[in-house]
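A.B. asks: Dropping a structure here in structure tokens format, bear with me for questions.
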Amino acid sequence: EESNEPTATANKASNGITSIATHAVRYPAIYVGQFSNGDYGGGPENGGTPVSWLASKGYFTKPRTKASVNARLDWKPIDGLVLSALGGYNFALNEQRHYRASQRLSADLNLPLADLHQEKFNTVFKTMQFLGEYSKKMDKHSMKLLAGYSFENSRTEEFEGDRINFPSNDYTVMAMGGVDNQEVTGNDLEWAIQSLFGRFKYSYADKYLFEATVRYDGSSRFPEDSKYGTFPSLAVGWRVAEEDFVKDAVPWMSNLKLKASWGILGNQNIGNYPYQATLATGKNYPFGSGISNGAQYTTYKDPTIHWEETETMDFGAETGFFDQKLTLNVTYFDRFTSDILFKPSSSVSKVLGVGVSETNTGEVKNTGWEIELGHQNNLGDFSYQVQANYT
């Protein structure tokens, strides 16, 4: 993707064409855009107008490059067994080059300042999965067994630089900038998660249904002794409408399924390594006749954080009547989230002198009903469907 925009001159806070459009609708029409002799008006602040900025040598380019490669290999060594290997590689490079040029507006008005901001963000995401799935059907018994391993890794490299006082708008590379007020910064960001998981599904006569799942997840975002968490879930169902006594007694009932489930899920979306006590750089200070690099402990970190967990139970029924022309589904749910990962900044006095990072604090309980009512039908070649939800 290529993006090339004009931009305002260096005397204006600018973000490409957005800033020019913003000023264009706000500057009163009493200010001259361009005179007949080629000079430009100074605008309300003698900093030029959108007309002069469009004619400047400033530019704002934002090229983006993305590439994705995915592959999958399936192998069926025996009947009912499928072994799979999956891999993915995603690459993204986001760049920006923002040059705000100097400009001569007229013989009496010159804007000498020029600056350049340049940045690159490079992200590589890799994932792999290994799966084994076995299915078997014997008479009225049907079962499926799944086991697998997955791994994800993301790494981002960031780099930004700024320089000012360019001697010419014809040479807009970093090396041509002045020596004063140079700035440069960069960061590396990386995280990884790996998981072992399994699932067992069983049904008898397509009427009695059972499913069990378990995950064992490990995240680099937690301390060494709490990286891993185990998250199980169970679900059962009974298709009552398939029973002969229901088919005979209530022939207009096309579906009746009773269901219940219980499970625990984990949350690891807390940023990168909030448990580590680190020093923040950039806290420079004068020492003697020069500036010395400084670092400061700015945030209190909790070294004992662990997975946030959400436990959910639900009970419900799915019903259908008159060949599914009328449907009604009702579910009751009870959801409890514990050890919520949260920054309790507002509850900590500023007298502490530092900020507070995430910690496992707080609980949330949600209970309620979900009801879904639907109707569908065909009138000749015309079909329609109406559905309502209430929670």
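The values are calculated or read from the model by the stated rules, or taken from the named source; none is laboratory data. None of these values were measured; they are calculated from a predicted model. For neighbour counting, all protein chains shown are included, and Cβ atoms are generated from backbone atoms with ideal geometry for every residue, glycine included. Heads up: the accessible areas ignore ligands, DNA and RNA and are worked out on the full protein's heavy atoms, side chains in. Shrake-Rupley method; radii C 1.70, N 1.55, O 1.52, S 1.80 Å.
A.B. asks: Once the whole set of protein chains is in place, how much accessible area is left on Thr65, using a 1.4 Å probe, in Å² to the nearest 10?
C.D. replies: 70
A.B. asks: Can you give the accessible area of Asp217, probe radius 1.4 Å, in Å² rounded to 10?
C.D. replies: Per-residue accessible area (Asp217): approximately 10 Å².
A.B. asks: Students sometimes get this wrong: rank Met138, Met313 by accessible area, probe 1.4 Å, all chains present, largest first. Could you put the intermediate results ahead of the total?
C.D. replies: Details: Met138 105, Met313 75 Å².
Descending order: Met138, Met313.
A.B. asks: In deg cm²/dmol and to the nearest 500, what is the mean residue ellipticity at 222 nm of the chain if only DSSP H runs of at least 4 residues count, each as -39500 (n - 2.57), divided by the residue total? Don't jump to the answer; show the numbers that get you there.
C.D. replies: Details: 3 runs with 20 residues, N = 391.
So the calculated ellipticity at 222 nm is -1000 deg cm²/dmol.
A.B. asks: List the chymotrypsin sites (Phe, Trp or Tyr not before Pro) in region 113-171 that DSSP assigns to loop (not H, G, I, E or B) and whose Cβ has at most 13 other Cβ atoms within 10 Å. Which are they?
C.D. replies: Numbers: sites: Phe121, Phe125, Phe130, Tyr134, Tyr149, Phe151, Phe159, Tyr171; in loops: Tyr171.
Those satisfying the criteria are Tyr171.
A.B. asks: Describe numerically, in nm with one decimal, the distance between label points set 7 Å from Cα along Cα→Cβ at Ala92 and at Asn165.
C.D. replies: Rounded to a tenth, the inter-label distance reads 3.8 nm.
A.B. asks: With labels modelled as points extended 7 Å from the Cα through the Cβ direction, what inter-label distance (nm, one decimal) is found for Lys126 paired with Asn70?
C.D. replies: Inter-label distance under the simple model: 1.9 nm.
A.B. asks: Ok, one more. Check the straight Cα-Cα distances from Lys126 and name the lysines below 16 Å, setting aside those fewer than 8 residues away within the same chain.
C.D. replies: Output for Lys126: Lys66.
A.B. asks: Using a Förster radius of 35 Å, what is the FRET efficiency between Thr18 and Thr304 based on their Cβ-Cβ separation? Nearest 0.05, please.
C.D. replies: 0.20
A.B. asks: Show me, for region 319-327, the HN-Hα J-couplings you get by feeding each phi into the Karplus relation (A = 6.51, B = -1.76, C = 1.60, θ = phi - 60°), rounded to Hz, glycine and proline as x.
C.D. replies: The phi angles translate into 10, x, 10, 6, 6, 6, 5, 10, 10 Hz.
A.B. asks: Between region 59-102 and region 298-375, what is the C-alpha centre distance in whole Å?
C.D. replies: 32
A.B. asks: What relative contact order, as a whole-number percentage, does the chain give when Cα pairs under 8 Å and 6 or more residues apart are counted? Numbers along the way, then the final one.
C.D. replies: On the way: 967 pairs, mean separation 33.3, N = 391.
Rounded, it is 9 percent for the chain.
A.B. asks: Of Asp188, Asp339, which has the most accessible area and how do the rest follow, probe 1.4 Å?
C.D. replies: Accessible-area ranking of Asp188, Asp339, largest first: Asp188, Asp339.
A.B. asks: Sort Lys201, Lys66, Lys365 by accessible area with a 1.4 Å probe, largest first. Each step should come with its number before you reach the end.
C.D. replies: Working: Lys201 75, Lys66 160, Lys365 125 Å².
So, going from the largest accessible area down, we get Lys66, Lys365, Lys201.
A.B. asks: Under 23 Å Cα-Cα from Lys144, which lysines qualify once same-chain neighbours fewer than 8 residues away are excluded?
C.D. replies: Partners within reach: Lys76, Lys136, Lys201, Lys207, Lys257, Lys259.
A.B. asks: Using R₀ = 30 Å, calculate the FRET efficiency as 1/(1 + (r/R₀)^6) where r is the Cβ-Cβ separation of Ala192 and Ala212; round to 0.05. If you can, show how the numbers build up before the last one.
C.D. replies: Details: r = 27 Å, r/R0 = 0.91.
Once the sixth-power term is evaluated, E becomes 0.65.
A.B. asks: Within the chain, what's the longest stretch lacking GluC sites (Glu not before Pro) that sit in DSSP loops with no more than 11 other Cβ atoms inside 10 Å?
C.D. replies: Details: sites that count: Glu1, Glu2, Glu45, Glu363.
Segment 46-362 is the longest.
A.B. asks: How big is the accessible area of Trp75 in square angstrom, nearest 10, if you roll a 1.4 angstrom probe over the protein chains?
C.D. replies: Answer for Trp75: close to 150 Å² accessible.
A.B. asks: Here are several values of Rg/Rh (Cα atoms, Kirkwood Rh): (1) 1.13; (2) 0.99; (3) 1.03. Which one was derived from the coordinates shown?
C.D. replies: Correct label, based on the coordinates given: (1).
A.B. asks: For a paramagnetic label modelled at 7 Å from the Cα of Lys247 toward its Cβ, which residues of region 305-323 fall within the zone defined by backbone nitrogen distances under 17 Å?
C.D. replies: 320-323
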